[in-house]
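Note sheet for the following structure.
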Amino acid sequence: MPLWAIILLSVLGVLVVLFIALIIFGRHLQKRQDEQNELMETMKQTVSMLIIDKKRLKLSEAGFPKQVYDQMPKYTRRMKMPIVKAKVGPKVMTLMCDQKVFDMLPVKTEVKAVVSGIYITEVRGVRGNTIVAPKKKKLLDRFKKTKKDVKEKK
């Protein structure tokens with residue numbers, strides 16, 4: 001058997017083993033995520049809150065208790081997370097939220113939101129205005145120049 005065939009078969013064997021390992025690891029992570037979603041579903045409550053501020057901050061800068069910081073995985077400690085400061089009843093609380101929810105939340109307005117612990121999972125209603133998700137630009141629209149951009153450059 002030629003040398004190139006041996007190398008090719010060994011590389012294919014390694015790739016097959018890696019692929020199988022990825023499938024097993026993916027199933028494990030999927031089970032863990034399903035358990036977490038189930039837990040969040042049982043803990044969810046609808047709460048009326050006044051959104052004071054929303055930012056993307058690292059967990060260490062957000063002002064969460066040390067217990068929350070210690071429970072987070074190490075890779076999420078360094079990431080910037082969507083953080084919301086809201087007045088829930090008489091208390092001002094710092095909450096984390098889902099990325100889709102973060103984009104929809106208006107600042108300085110009262111909102112009915114579904115909260116699971118310190119995590120905002122869904123926005124049910126905004127007092128006064130209706131909730132409109134911001135329109136996402138398509139890939140080609142990002143590169144197209146508008147008339148406004150052309151006038152500003154001149």
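A few remarks follow.
- Scanning the stretch 50-78 for residues that are within 19 Å of M40 (Cβ to Cβ) and of a type in the set (A, V, I, L, M) yields L59, V68, M72.
- Some residue of the stretch 52-70 being of a type in the set (G, A, S) and within 16 Å of the chain's Cα centre (by Cα): yes
- Cβ pairs under 9 Å, 6+ apart, first in the stretch 14-38 and under 30 Å from G117 (Cα atoms), second modelled with pLDDT of 95 or more: none
- Options V101, V132, V88, V115; residue that is modelled with pLDDT of 90 or more, within 20 Å of the chain's Cα centre (by Cα) and closer than 26 Å to T46 by Cα: V115
The values are calculated or read from the model by the stated rules, or taken from the named source; none is laboratory data. Note that the structure is predicted; figures quoted are calculated from it, not measured. We place every Cβ from the backbone using ideal geometry, glycine too, and count neighbours over all the protein chains shown.
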